[in-house]
Every structure is written in C-alpha cells, then in structure tokens.
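The structure appears below as structure tokens.
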Amino acid sequence: MKPQVNIIAVVDVMGALSGSTLLEGNLCMMDDGGHSSAHQGTPDLCTVVKPGQVVSWSALAVDLQTPVEIKNISFVPEDDEPGDQRAGQQQVGQQQTHQQAGDEGDKLDLDVWTGIVPSWLTPGVAYRYRLELQMYEGDNSVMHIDTPALMCQ
C-alpha cells in the first residue's frame, strides 16, 4: 500500500452556487489509493486506507477562473444522518499546506489538507467525514457534504 493517498474534489462552482448544492453533478471525488475504493467520481467516495497512512485532500474548480478551497474536514459522528447539519464532528486533519505549481506566468495555487489515518478505525467500517468547501464570498458560499468516507483494510 502506498504511504500516501491523494483525494481530489472537483467542483463545478458555478453549478453549485446557482443550485445551492454540491450534489446534482456539481462535485466528483476521486483518489489514487490503488485499492478498490468505492464510488470513484461521486460525492460518495469511500477511500480504502490503512492506519498511519497519510491522506491529502485538495479541491479544484472545473472552471479554473472560479475559486474553491477546502474550509474544513471532520469525521461525522455515527448517529448523524447524511445531510445532517449538526456540528458534532471530530477534526480529521488540521495541517494545511499551500503549494504553487507552474511557471511565473501560469501559477496554480493549491490548498492541500493533510491528515494521518487514526489507529482506532475498525477495518471494514466506512467512517464518513464532512468536507466543507468555500466558494467565493458571501451568502451560501460555504457548502458541505458528509457522504464521503475512509475505510481501513
């Protein structure tokens, strides 16, 4: 198994803002874990991991002119239902790094959230997490989904 798995959230920012949802085709998530992660390309991605493995999340807008960034990632308590707006989450990863790629005239800013898979995850159990995304500023600029998950092998 790779020492790190990368998860990318690709967002149709204009679609999400106009429809007030990250669902309905406005978000797809994929990983490069190399194992049988379920639901690749959907908001329901279930990434297969192992305890101690590094997980890095990044967000990218379909239209590179529209900004999107990860505001927060946290585990969702087992008693929360998908879509539940309650705030009882445990932080997944607090380390945020800022990377730049490209040459002087063509810079791509990428915020990457990195965490380590906790040792207390039970193998075979999907642990949902809340992915909170910031798009532009103002009303309804922060949206979240709580359907993606990490699952230990």
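Numbers at a glance
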item: One residue from ASP139, ASP109, ASP63 being within 23 Å of ALA16 (Cα to Cα), modelled with pLDDT under 95, open to solvent by 50 Å² or more (accessible area, probe 1.4 Å) and in contact with a His (Cβ under 8 Å, 6 or more places away or on another chain); result: ASP109
item: Options GLU24, GLU81: the member that is open to solvent by 50 Å² or more (accessible area, probe 1.4 Å), more than 20 Å from PRO123 (Cα to Cα) and at pLDDT 85 or above; result: GLU24
item: Checking ASP44 against (1) out of contact with any Ser or Thr (no Cβ under 6 Å at 6 or more places or on another chain); (2) among the acidic types (Asp, Glu); (3) buried (at least 16 other Cβ atoms within 10 Å of the Cβ), the condition it does not meet; result: (1)
item: In region 44-65, the residues that are in contact with a helix residue (DSSP H, G or I) (Cβ under 9 Å, 6 or more places away or on another chain) and of a type in the set (Val, Ile, Thr); result: VAL62
item: Unique match (being at pLDDT 90 or above, of a type in the set (A, V, I, L, M) and more than 27 Å from LEU64 (Cβ to Cβ)) among ILE145, ILE116; result: ILE116
item: Count of region 47-60 residues which are within 18 Å of VAL125 (Cα to Cα) and open to solvent by 20 Å² or more (accessible area, probe 1.4 Å); result: 3
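The values are calculated or read from the model by the stated rules, or taken from the named source; none is laboratory data. Small disclaimer: the values here were computed from a predicted structure and weren't measured. Neighbour counts run over all protein chains shown; Cβ positions are idealised from the backbone, glycine included. Remember, those area values only see protein heavy atoms, side chains included, never the ligands or the DNA or RNA. Shrake-Rupley method; radii C 1.70, N 1.55, O 1.52, S 1.80 Å.
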